[in-house]
Structures are given as C-alpha cells and as structure tokens.
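Accompanying notes for the structure given below.
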Amino acid sequence: MNKPEAQAPANGSINLSRRGFLKGSGAAAGAFVFGFSVPFSQSALAQSESPEVNAWVVVQPDETVLIRIARQEMGQGSLTGLAQLVAEDLECDWDKVDFELVKPGRNRERDNVWGSQFTAGSTAIRGSHEYLRQGGAAARMMLTEAAARQWQVPASECTVSEGVITHEPSGRTTTFGAVAQAANDIEPPKTESIRLKDPKDWRIAGKDKARLDTLDKLDGSLVYGADFSMPGMLVAVPKACPVHGGKLKSFDAEKVKNMPGVKQVVRVDDETVAVVADTFWRAQKALKALPIEWDEGENAKVSSESIAKKLREGLTADTSFIGNQAGDAKDALAKAERVIEADYSYPYQNHAQMETLAATVRWRKNGCEMWGPTQVPGTALEALAEAAELPQDVCEIHTMRIGGSFGRRAATDYIRQATLIAKQIPDTPIKLMWTREEDMLQGRFHPVTQCRLRAAMDDEGNVQALHMRISGQSIMAYAMPQAMSDKGDPVVYQGLDPEGDMALGYSVPNLLVDHAMYNPHIRPGFWRGVNLNQNALYLESFIDELAHAAGQDPLAFRRKLMAKHPKHLAVLEAAAEGIGW
C-alpha cells in the first residue's frame, strides 16, 4: 500500500490514555485502532475530506495490521525497521503487516501529538525506538484484555503469539481480528505499567524480514511524485536563472503560446519562469523555445578558480570560529622542531537523486493541497501555506514515497514553486516537474571546503600538537541562520567535536580545530553524511601521513591516539580484524 504519514512526541514519550485519539468518525467496522489512524480504505480516503484520527496500530477484522510510520523511507529500510519495532512488542503476524503514512495536517489537528515528522541525520530508528515498542506493547495488552473479558478470565492467564491470543489453562484461542472491535473499549494502559520484551527474545525487530516497501517498486505499481496524476491536471516545467542570485528580466510568452499543448507561461518569482502545458514533454519543448533574458548580476563573474582562491586564503586567515580546543596548539607548533603539514580539498557535490523534484499542488480560495514526497512534512506544510497565502488549517500535504533524496527534499523550494504556479491557475492541479538539467543547476549543493592540517611530532613519533583549519562554506548560515552559535556553524565540526555523538576519537595534548567561513553564492544544502564526509577524509588521510612520517604502522599509530576513546578504538579494532590487517 502507498498511503499518507505521522510522528511521535518531540520528547519521545507517548500519552497512551488519550481516548480521543482512538475514537473517531469513519472507523472501519470491527477494527481496533491504537495510537495512529482510523483505517479508512484507499477509496474512502480518496472520497472523504473528514479528518483522520491518528493512531499507531490498526487491527482489522481480516487480521491485517496497519502500522503508521512516523518517518520517511529513502531507501535505507527505516520504514520496515520502524514497523518491526511496533510489531515485535505487539506480537502480531509479520506476514499480515502493512503500513500507512500520515499527513502533517492531521498531525497538526491532533495538537502535534507525534511531534516533528523530520526525517534526516540517521535518526529515524534510534530516535523512535522506545515509544514505538511501547505503542506495540500497549496495543497487545488491550487486545489481550478484550479476549480475557470475553472468556471471563484474568488477562494474566493469556499469552500472545503471531496475532493469536491463548488462554493457557483452558487452551482456548482467538485472534486479534476477532477481538479488535471489543479492544476499542479497553482503556489504554499507563506507560509505567508497560513491560517491553527483552531484546534476546526478539523474533521480528532487528531480524532479516522482507521489506514492506519493496514489492510495489519491483512490480511497478508504486506511484512516485513524478508519476502522480489526477483528472484535469496540467504540468509545469520551471527554469530559474542559471546563476544563483540572478534575476529574471523578461520572457516572450507570445513566441510559444500557440505551441501544441501550451496553456500558460507564468513568472514564478524574481528568478524563475515556467511553462504550463498538458504534458511534460510539451511543456519542456516550449520552455526550450521560450526567449528569456536574465540579469545574472555580479555572481556571473565567479568561477571555480576564484572560489578555490578564496578558500586558500581562508587557510591562513587571522579570524576563525573555534570548534574544538585543548592546550595551545599554535604555540606548540611554533616551538616544534618537526612539523608535518598537508592541504586537502573537497568539491561541491550534487544530490542527483533518481527522482527529480516533483510536486502536485491544487490551489483554491478556501484551501491548498500538495501531493508529493518530502523529508520534512511539517516544514513542507508551512512552506505550502506561506506560498499559498492561506492558513495552515486549510492546507494539507499528501505525503508520497520518495524516489531518492539524500537530503535534497529537506529543502522546500520545489513546493514553494509549485504553489506559486498553482495559485495563478486556481482550482487546477498543477504538477511541477524539474528537468534533470534544472536539478543539476539549481541543487542545494554539498558545501565546498579546503583544509590545512599541521602537526608537531616528537622524536618518538608522538603527536604533540594538531591544528585543523577548515576553510569554506556553511550550510547553516544559508539554510538555518538561527542555528549559528559562538562556534559559527556547529555542523561544520561533525566528527571533530570535543564530546557527544560527533566527538573526535583522537587525543592530542594541544589541539585546535577551527573554521574560516567563506560563503560563495552557490546555495548549499544537507547532503548525506554532511560534513562528516570531508572531515573524515581530511583527518584520516593526514593521520596516515603522520604514521608514515613516524615510520609506524597506521593501525598501531591510531591505537595510541585512541587510548582514551574506547568506543572509537573498538570500531577500529573491528575494522582491522574484518579486513585482516
């Protein structure tokens, strides 16, 4: 199934006693609904505008278990992993599990009970672990209690396995589906009364199970955002100024208005024009023929060479943001008899996801809807409402599966564009489709950086000081300026922090990690792995250089530097053993 999405509380807790979320209009007869959505059929969803009732577990009379997923699936298997967490403590039959996605507008209507629907940073499973298991366990307890009441026996005498409830003393059995309706009348258990399974007894979570999101990809039935269609829909193909920061001066719509299928040529914003036609091919063909005049501005003079030159200047700049510091690295380096130095660079990277950006928007005076993929449904809803100039209460995102993202759909520029076009053609579904050429030109690129590392070594090859100067672009300065701190952009130092999940795994008596920020006009964005990509490359390449200079085995050299970092050392040892070093 390919259905709409939800999320968990921001604090990771779950209010299991809110019966208002379990009772709602339109529930399928006989179904048990816990924590997520009323189990509308797909046809009912299409025909009904009534609000869904958020729930985590939906058990239908035919034994199908629908599990609502809080995060987006981008190819890494998190959708299945999250469902496994719920199913494990629910004790259902995995072969009868399906999933649904929840719309952010529904989440908002329910007082944001699932918190943010943000999917990034490899947090989908580790950020949802406990409360999803609690949701499954609580649903199991309610279903068991319903069966026990029918049998007039204590629930403590009942066991559950693969969706079958058994009264041990009498041998009587029933199924989840048979007691689903009765379970809706059971008061959810308090969080403190829920007992989760010991991981050693797991049979679903963490096990090799068939993924829930594979079959429809293989048989071609999955509808991606670029595939989506609805009656009366038109297709818009945009083109923005090829120089970031440039402007759209003019275009001559008269030259293409009579081309086959063309419906309209619209100014989207200060830098973008779009052709709207009955098909993608006709819109793209007209766009290529459209005379456009751009004001490229001063940024047209910038080149790869001029950017690289500015970055090189940053390697020796007097001012910088400090991300990690111990001792006095500059002084130790100045006094050292032996200093090893190396410079590295990392270019711009484009996401180049398989499915280019697409979103279908229908704007009406009393509401606006979007059908399409996004990593950030809540933020996408805000962007939709802002561009539509309508309250969020009358806007909705129908979240669709993603055909690749790697961070690109954490941005909402394509949603804004689609909405601005649809607003000019009211009551008509407009599917915005970027060409691959536009995707490559107008991406939110992984930032460009250079790095200089300098280390002082004693006669025995011990590192006495290390200065790591990063020169280059900040994502946060562009995308989230409110996240900047006295360290500048905190994301720059991924893998180099003094403590936490992104801590540096080496100890050096005198250490300085700093950032000379330089932001070219090329728009940056989060790209899978973000700054850890280049930081690991820079640092580990340099550690190899130091080991070579010291005449030591690279593994032994690292072991000494990692002596105070047992987790990092354990990973190093496992890697060494795995490759037979």
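The values are calculated or read from the model by the stated rules, or taken from the named source; none is laboratory data. Keep in mind the model is a prediction, meaning the values are calculated, not measured. A quick note on method: Cβ atoms are made from the backbone with ideal geometry, for glycine too, and the neighbour counts reach across all protein chains shown.
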Original post:
Taking the condition buried (at least 17 other Cβ atoms within 10 Å of the Cβ) and more than 20 Å from ARG133 (Cα to Cα), does VAL223 pass?
Top reply: no
**OP:** At least 2 residues that are among the basic types (Lys, Arg) in each: list the strands (runs of 3 or more DSSP E) lying fully within the range 318-365 that qualify.
**Re:** 358-364
Original post:
Counting only residues that are within 22 Å of the chain's Cα centre (by Cα) and among the small types (Gly, Ala, Ser), which one in the range 388-443 is surrounded by the most Cβ atoms within 10 Å (Cβ to Cβ)?
Top reply: ALA418
Original post:
Name the residues in the range 190-219 that are assigned to a loop (DSSP other than H, G, I, E, B) and farther than 18 Å from ASP98 by Cα, would you?
Top reply: LYS190, ILE194, ARG195, LEU196, LYS197, ASP198, TRP202
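Every residue, every condition in (1) out of contact with any Phe, Trp or Tyr (no Cβ under 8 Å at 6 or more places or on another chain); (2) farther than 19 Å from LEU132 by Cβ; (3) among the hydrophobic types (A, V, I, L, M, F, W, C), yes or no:
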position	(1), (2), (3)
GLN152	yes, yes, no
SER170	no, yes, no
GLY177	yes, yes, no
ASP201	yes, no, no
Original post:
Out of all the residues in the range 225-238, is one or more of a type in the set (Gly, Ala, Ser), at positive phi and out of contact with any strand residue (DSSP E or B) (no Cβ under 8 Å at 6 or more places or on another chain)?
Top reply: yes
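Residues of the range 226-246 being closer than 30 Å to GLY77 by Cα and surrounded by 15 or more Cβ atoms within 10 Å (Cβ to Cβ), which ones? Show your work before the answer.
Kept after step one, since they are closer than 30 Å to GLY77 by Cα, are these residues of the range 226-246: 226-230.
Matches in the range 226-246: ALA226, PHE228.
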Original post:
From ALA516, ALA556, which residue is among the small types (Gly, Ala, Ser), assigned by TED's automatic domain parsing to the domain that holds ALA570 and either closer than 17 Å to CYS451 by Cα or touching a strand residue (DSSP E or B) at 6+ places or on another chain (Cβ under 7 Å) (or both)?
Top reply: ALA516
Original post:
Can ARG528 be described as surrounded by fewer than 20 Cβ atoms within 10 Å (Cβ to Cβ), at pLDDT below 95 and over 19 Å from LEU315 (Cβ atoms)?
Top reply: yes
**OP:** With the checklist (1) at negative phi; (2) aliphatic (A, V, I, L, M); (3) buried (at least 16 other Cβ atoms within 10 Å of the Cβ) in hand, flag the one item VAL571 doesn't pass.
**Re:** (3)
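Mind checking which residues of the range 366-381 are within 21 Å of PRO524 (Cα to Cα) and either part of a helix (DSSP H, G or I) or more than 21 Å from the chain's Cα centre (by Cα) (or both)?
We begin by selecting, within the range 366-381, every residue within 21 Å of PRO524 (Cα to Cα); these are 373-377, 379-380.
Residues satisfying the conditions are PRO377, THR379, ALA380.
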Subject >> Residue under evaluation GLY500, criteria (1) free of Cβ contacts under 8 Å to residues at least 60 places away in the same chain; (2) farther than 29 Å from SER405 by Cα, criterion not met >> reply: (2)
Original post:
Which residue pairs have Cβ atoms closer than 6 Å, lie 6 or more positions apart in sequence or on different chains, and pair a first residue in the range 525-544 that is without any contact (Cβ under 8 Å) to a residue 60 or more places away in the chain with a second residue that is in a helix (DSSP H, G or I)?
Top reply: ASP544/PRO554
